[in-house]
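These notes concern the structure reproduced below.
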Amino acid sequence: MVAVPLNHTFHLKAQWTLITIPIENNFTAKTLAEQLKLPKYSVVTRWDADKQKYIDYIVGIDTPGNPEFIIEDGVGYFIGVASDMDSWVKGLPIQNISLLLKPGLNLIGWTNKDNTTAKSLGENITNCSVVIKWNETIQDFESHFVMAPTPGFTIELGRGVFVIIEGTEDIWWYGGK
């Protein structure tokens, strides 16, 4: 089966938007910022699941204290901008994702063209208890407990979400394909 190129638009909101890159790429935080045409002093932020903390890359600041990191398939990233803007990426869709999730909070991304629900995603990740999305409109988090009887919120292509992994064991997630 031949993959059809994907042209995906991100509607970045002033302050923060949580995204994932749904195409095959070799981006770093810096080259992603260039691809998205982010203005100087915008921010690309990743979650370090090992250390349970955020790491920021500030656009246009090239100093040793501004770490540039690799953009990984199936991982979510916060994009911080001063005003609303549209950005896009174009390329071949990601075919396979294998992520090692740590106990605690992990930031993953949905790269499947078919939407899913918070409940379905959580039920398909071993030991996942909560799925958390960032609501750009209100600039706050919304949570769905996987054991709840409702499906929770919808997760679309190109969106990032946090998942909480219970226990002490690392878990493999294969990207919802």
At the level of C-alpha centres, the distance separating the range 136-161 and the range 45-104, in angstrom, is 19 Å
Length-normalised contact order of the range 99-173, Cα under 8 Å, at least 6 apart, in percent, tallies to 51 percent
Here Rg/Rh (Cα, Kirkwood) for the range 1-159 equals 0.95
Placing one equal point scatterer on each C-alpha of the range 99-173 and summing with Debye, one gets log10 I(q)/I(0) at q = 0.26 Å⁻¹ equal to -1.30
Put in order of increasing Cβ neighbours within 10 Å, starting from the fewest, 147, 85 give 147, 85
Computed from every Cα-Cα pair in the range 9-90, P(r) in 5 Å bins starting at 0 and rounded to whole percents is 3, 16, 28, 28, 17, 7, 1
Listing 77, 174 by rising number of other beta-carbon atoms within 10 angstrom, fewest first, gives 174, 77
Proxy exposure order for 73, 86 (fewest C-beta within 10 Å first) is 86, 73
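Just so you know, all these numbers are worked out from the coordinates, no wet-lab data involved. Source: prediction; values computed, not measured. So basically every Cβ, Gly included, is an ideal-geometry build from the backbone, and we count neighbours across all protein chains shown.
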